[in-house]
Amino acid sequence: MAILGTLLKKGIMLRESLEQLYTSPLDLQKQELRNLLIHCQNTKFGQAHKFDEILAAFKGDQGQFYKAFTSNVPIFDYDKMYEQWWHLAQEGQKDVCWPGKIKYFALSSGTSGASSKYIPITREMVKSIRKTSMRQILTMSKYDLPASLFSKGILMLGGSTDLKRSGHYFEGDLSGITAAQIPFWFQHFYKPGKKIAKTKNWNDKLEEIVKKAPNWDIGIIVGVPAWLQIMMERIIEMHQLSSIHDIWPNLQIFVHGGVSFEPYKRGFEKLLKKPLFYMETYLASEGFIAFQAYPNRKSMRLVLNNGIFYEFVPFTDENFDEDGKLKSGAKTLKIDEVEEEKEYALLITTNAGSWRYLIGDVIKFVSIEESEIVITGRTKLFMSLCGEHLSLDNMNKAIELAEEELKVDIREFTLLGERADSLFAHHWYIGTDDEISSEALKTHIDNHLMKLNDDYKVERSSALKEIRVSILPTQIFYQWMESQGKVGSQNKFPRVLKKEKAQLWKNFLTDQNISLS
């Protein structure tokens, strides 16, 4: 990859990046949808939903194609998509939602639901992920980086590449599926290497990485913040270091995604000797949706021309119920109809056979001109017991500000809704290994949320009677994840727990004889 460093210094851009730079978002998206419909018109899904009629509408005026698309294809959540269509592909049938047979299914972390989800992965999707990954790498020309960085190792902390054979298909984490198919030219730089990457047991894999760490010259690390932090802490402890840079002096970039990095940042930076560049990605099991295109921005560039067509559902009470479920008749918008600073639930149609699929994420446009977005939450990971409409973005920001003011490292947290006599309470469970007063933390979180969210402030003087804070050792959160079979790789601790999952968490704490402060 040394030649890549030279190209970066010259500001080389891929054709797809130039195309997105000089073409209107609607034109790009219209072309993507047309290509997807043409490719799938002879599939079972395409025939059932009259793709030939939808394609004929592309000859009409600008909005006719979208009207035909939304009239013939309903909105799907995971349960509906799997029960009606994807299970057929999983059983080995071909030409279901995408031409041919589906060889791979990615297991999602199941953050919002009760169990893992099986998401189809096609060759075309893997190619799209590679292309978008290269587009993000080439944005590094905007960073002050030496060309020599691109001769260093890239440590990708993901799922096992030893995929499980289940009848007609292979299953595993998306990170394991894509890592198993990395191009030959990249294999020299890829760490932890093929042998360790195949390890199925997460703790065994971590132990091998910690042992091998001195043998590698790492320049870039990639993964979920919580697990990378645990890895670095173990490396520092085993090799008796003062920082991770004592063993990897050329480490300069951390590529992260899947969860907000801000609550982890304070503790993460204690392990460094010098600052890193942080690059955020929006790589879901369903596709590579967006990436950070500029340093010192907290927004990401939506990828408009690489196998995904987007729709946007205003995240309002008119469209979603109190459990985050989409209401019948919800209004959907094309990319030319969105507004900045408003929240939208994301629908995607992809080159892996997702059609008008409610992915579960809520985003907000910070720049329509540049198609720059931020993730503000999940359709089902929010708290609104009595109209406080507390978003994941609000929670992350309040925790971040409390950390800064109280000088503590909060590694994990989750929020439960509870009764307070005839009214309501928020119960925060905070994971930290620092000494901190629960009363002080409660005051800081509550005060910040009242500043961040007007609805929350109103309800704090009426129906939201109490704020409760319980401080727990960080390890308790990871032990619970392990008990749920969610340890390592792409798994994240849910920031909101409701219904069955909330009860499982409480039962776990009781079984562990945890005394709540």
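The values are calculated or read from the model by the stated rules, or taken from the named source; none is laboratory data. Because the structure is predicted, anything quoted here is derived from the model rather than measured. As a convention, Cβ positions derive from the backbone with ideal geometry for all residues, glycine included, and neighbour counts pool all protein chains shown. Ligands, DNA and RNA are excluded from the accessible area calculation, which covers all protein heavy atoms including side chains. Shrake-Rupley method; radii C 1.70, N 1.55, O 1.52, S 1.80 Å.
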Open item on the list: Restricting to segment 69-89, name every residue that is open to solvent by less than 20 Å² (accessible area, probe 1.4 Å) and farther than 14 Å from Lys44 by Cβ.
Closed with: Phe69, Phe76
Open item on the list: Quick check on my filter: what residues within segment 107-150 are in contact with a Ser or Thr (Cβ under 8 Å, 6 or more places away or on another chain), of a type outside the set (A, V, I, L, M) and modelled with pLDDT under 85?
Closed with: Ser108, Ser109, Gly110, Ser112, Ser116
- [ ] Among what's in segment 161-178 and is among the hydrophobic types (A, V, I, L, M, F, W, C) and not in a strand (DSSP E or B), pick the residue that is farthest from Gly353 (Cα to Cα).
- [x] Leu163
Open item on the list: From the list Ser148, Ser242, exactly one residue is polar (S, T, N, Q) and touching a residue at least 60 places away in the same chain (Cβ under 8 Å). Which is it?
Closed with: Ser148
- [ ] Mind listing whichever residues of segment 146-157 are under 27 Å from Lys486 (Cβ atoms) and open to solvent by less than 20 Å² (accessible area, probe 1.4 Å)?
- [x] Ile154, Leu155, Leu157
Task: Every residue from segment 286-300 that is within 15 Å of the chain's Cα centre (by Cα) and modelled with pLDDT under 90 - done: Lys298
- [ ] Among the candidates Lys298, Lys327, single out the residue that is surrounded by fewer than 18 Cβ atoms within 10 Å (Cβ to Cβ) and without any contact (Cβ under 8 Å) to a residue 60 or more places away in the chain.
- [x] Lys327
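Residues checked against (1) out of contact with any strand residue (DSSP E or B) (no Cβ under 6 Å at 6 or more places or on another chain); (2) in a helix (DSSP H, G or I); (3) loosely packed, with under 15 Cβ neighbours inside 10 Å:
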{"site": "Ile102", "(1), (2), (3)": "no, no, no"}
{"site": "Ile119", "(1), (2), (3)": "no, no, no"}
{"site": "Ser133", "(1), (2), (3)": "yes, yes, no"}
{"site": "Gln136", "(1), (2), (3)": "no, yes, no"}
{"site": "Asp144", "(1), (2), (3)": "yes, no, yes"}
{"site": "Gly159", "(1), (2), (3)": "no, no, no"}
{"site": "Ile196", "(1), (2), (3)": "yes, yes, no"}
{"site": "Leu206", "(1), (2), (3)": "yes, yes, no"}
{"site": "Lys211", "(1), (2), (3)": "yes, yes, yes"}
- [ ] Kindly check whether there is at least one residue in segment 334-357 that is closer than 30 Å to Asp95 by Cβ and free of Cβ contacts under 8 Å to residues at least 40 places away in the same chain.
- [x] yes
Open item on the list: When you scan segment 480-501, do you find a residue that is under 30 Å from Gly158 (Cα atoms), in contact with a Pro (Cβ under 9 Å, 6 or more places away or on another chain), open to solvent by less than 70 Å² (accessible area, probe 1.4 Å) and in a helix (DSSP H, G or I), even just one?
Closed with: yes
TODO: Quickly run through segment 229-260 and pick out the residues that are open to solvent by 10 Å² or more (accessible area, probe 1.4 Å) and within 17 Å of the chain's Cα centre (by Cα).
DONE: Val255, His256, Gly257, Gly258, Val259, Ser260
- [ ] Could you list, in sequence order, all residues of segment 261-275 that are open to solvent by less than 40 Å² (accessible area, probe 1.4 Å) and either out of contact with any helix residue (DSSP H, G or I) (no Cβ under 8 Å at 6 or more places or on another chain) or within 24 Å of Trp355 (Cβ to Cβ) (or both)?
- [x] none
TODO: Name the one entry in Tyr429, Tyr456 that is in contact (Cβ under 8 Å) with a residue 12 or more places away in the chain and over 23 Å from Asn513 (Cβ atoms).
DONE: Tyr456
Open item on the list: Condition (residue is under 21 Å from Thr349 (Cβ atoms) and within 17 Å of the chain's Cα centre (by Cα)) applied to segment 80-103: is it met by at least one residue?
Closed with: no
Task: Tally of residues being over 19 Å from the mean Cα position of the chain (by Cα) and within 24 Å of Val366 (Cβ to Cβ) across segment 327-355 - done: 13
Task: Criterion (within 23 Å of Arg378 (Cβ to Cβ) and either open to solvent by less than 10 Å² (accessible area, probe 1.4 Å) or in contact (Cβ under 8 Å) with a residue 24 or more places away in the chain (or both)) met by exactly one of Leu423, Leu449 - done: Leu449
TODO: Among the candidates Ser384, Ser367, Ser328, single out the residue that is among the polar types (S, T, N, Q), at pLDDT below 95 and farther than 30 Å from Gln41 by Cα.
DONE: Ser384
- [ ] Pick out the one residue from Leu504, Leu472 that is among the aliphatic types (A, V, I, L, M), more than 22 Å from the chain's Cα centre (by Cα) and open to solvent by 30 Å² or more (accessible area, probe 1.4 Å).
- [x] Leu504
Open item on the list: Taking the condition of being in contact with a Gly (Cβ under 8 Å, 6 or more places away or on another chain) and outside any helix (DSSP H, G or I), how many residues in segment 121-131 meet it?
Closed with: 1
TODO: Collect the residues in segment 426-445 that are surrounded by 18 or more Cβ atoms within 10 Å (Cβ to Cβ) and touching a helix residue (DSSP H, G or I) at 6+ places or on another chain (Cβ under 8 Å), keeping them in residue-number order.
DONE: Trp428, Tyr429, Ile430, Gly431, Thr432, Ile436, Leu441, His444, Ile445
Task: Number of the exception - Ile289 against (1) open to solvent by 10 Å² or more (accessible area, probe 1.4 Å); (2) assigned to a strand (DSSP E or B) - done: (1)
- [ ] Inspect all residues belonging to segment 389-396 and state whether any of them is part of a helix (DSSP H, G or I), among the polar types (S, T, N, Q), farther than 30 Å from Leu28 by Cβ and open to solvent by 10 Å² or more (accessible area, probe 1.4 Å).
- [x] yes
TODO: Report yes if Ala226 is within 25 Å of Tyr278 (Cα to Cα), among the small types (Gly, Ala, Ser) and open to solvent by 10 Å² or more (accessible area, probe 1.4 Å), otherwise no.
DONE: no
